[in-house]
Amino acid sequence: MDQGLGGPFTSLRYALRLLEAVDRHPDGVTLVALARETSLGLPTVRRLAELLEIEGYLQCQDGGWVLGGAFAVLGQHNREQLVKARLNRKLAELRDELGAAVYFSRYHDGELSVEAVSATDYAPAVQEWVDFRATAHASAIGKCLLSQLDADGRRDHLSRHPVARLTSRTVTDVDQLMHRLERQPATVPVLDIQEYALGTVCAAVPITAGSTVGCLATSMPVANIHKLRAAAELLAASAAPLLLAMAV
């Protein structure tokens, strides 16, 4: 029997297991039966079912759970727009919960790409005073993405985007940077304490699905640095729901 939702990727596996079980019951299945079939605790099954219902993956009909309408659009031309809308909604929810700007980024074709930003006047995004693509060595987003590459991939990136000192806190020694990236635990948030821009601190957590290298990040004024660790923990907990939102 499980011990609750656990970490973000554990809960993602549980959610996928639950969807597979529901798919085997086209006429509907109760939460009790799902708990028994998946060997997950009933509270875990209930929380996951509620989350998946909100996202449109499950729906409850006359006490039985069936697959939701979100699956009807799989493979259709509007998939990209639907994924983007879900992603933006999730980021906005997380932004409001954190009270800080939130970013979703990917690394593909050898470059860093900030693909979505959710910010407001009360939760402003960091000013991109130097191109993010050229400063991966200094930002939490960049370091989080680089840490997911192998050593050759990191060196290739740094050969095309040489390290440069952006603030007095920027690490410019390539060997030291490579050492830190190599030893970065996948479960520990990557931090930027005024390395990219003075007055700003950031945190990022990896989001990996298949061959995709991505991350979820937040930024805030240095005056709020005492909130950064808790914000990073919330980012990590939000990774699995974000992956589910993008899986349509």
Please list, or write none, the lysines whose alpha carbon is within less than 22 Å of the alpha carbon of Lys227, excluding same-chain residues fewer than 8 places away. Lys90, Lys143
Separation between the Leu42 and Ser113 pseudo-spin-labels, each 7 Å from Cα along Cα→Cβ, expressed in nm? 4.7 nm
Value of D in µm² per second that Stokes-Einstein yields for the stretch 84-138, Kirkwood Rh from Cα pairs, at 37 °C (0.692 mPa s): 271 µm²/s
May I ask you to sort Tyr107, Tyr122 by Cβ crowding, counting other Cβ atoms within 10 Å and putting the fewest first? Tyr122, Tyr107
Cysteines in the chain that, by Cβ-Cβ distance, have no pairing candidate under 4.7 Å: Cys60, Cys202
So the label point goes 7 Å from the Cα of Gln127 along Cα→C-beta, right? Which residues of the stretch 205-236 then have their backbone N under 18 Å from it? 219-224
How far apart, in nm, are two points set 7 Å out from the Cα along the Cα-to-Cβ line at Glu20 and at Gln176? 4.7 nm
What does the C-alpha gyration tensor say about the overall shape of the stretch 168-248? Classify as rounded when a/c is under 1.5, otherwise prolate if a/b is larger than b/c, or oblate. oblate
At a threshold of 8 angstrom on Cα-Cα distance, excluding pairs fewer than six apart, so keeping six or more, what relative contact order does the chain reach in percent? 19 percent
Mean Cβ-within-10 Å packing, highest first, puts peptides 143-156, 221-234 in the order 143-156, 221-234
So which aspartates and glutamates pass the test for Lys84, namely a Cα distance under 19 Å, with those fewer than 8 places away in the same chain ruled out? Glu53, Glu55, Glu93, Asp96, Glu115
Which of the trypsin sites (Lys or Arg not before Pro) found in the stretch 19-52 are loop residues per DSSP with 15 or fewer other Cβ atoms within 10 Å of their Cβ? Arg24
Residue order, fewest to most beta carbons within 10 Å, for Ser219, Ser11: Ser11, Ser219
Any chance you could give the angle, 0 to 90 degrees and rounded to 10, that helix 151-160 forms with the longest Cα principal axis of the chain? 50 degrees
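Only the coordinates and a few stated rules stand behind these numbers; no lab work does. Just so you know, these numbers come straight off a predicted model, no measurement behind them. For neighbour counting, all protein chains shown are included, and Cβ atoms are generated from backbone atoms with ideal geometry for every residue, glycine included.
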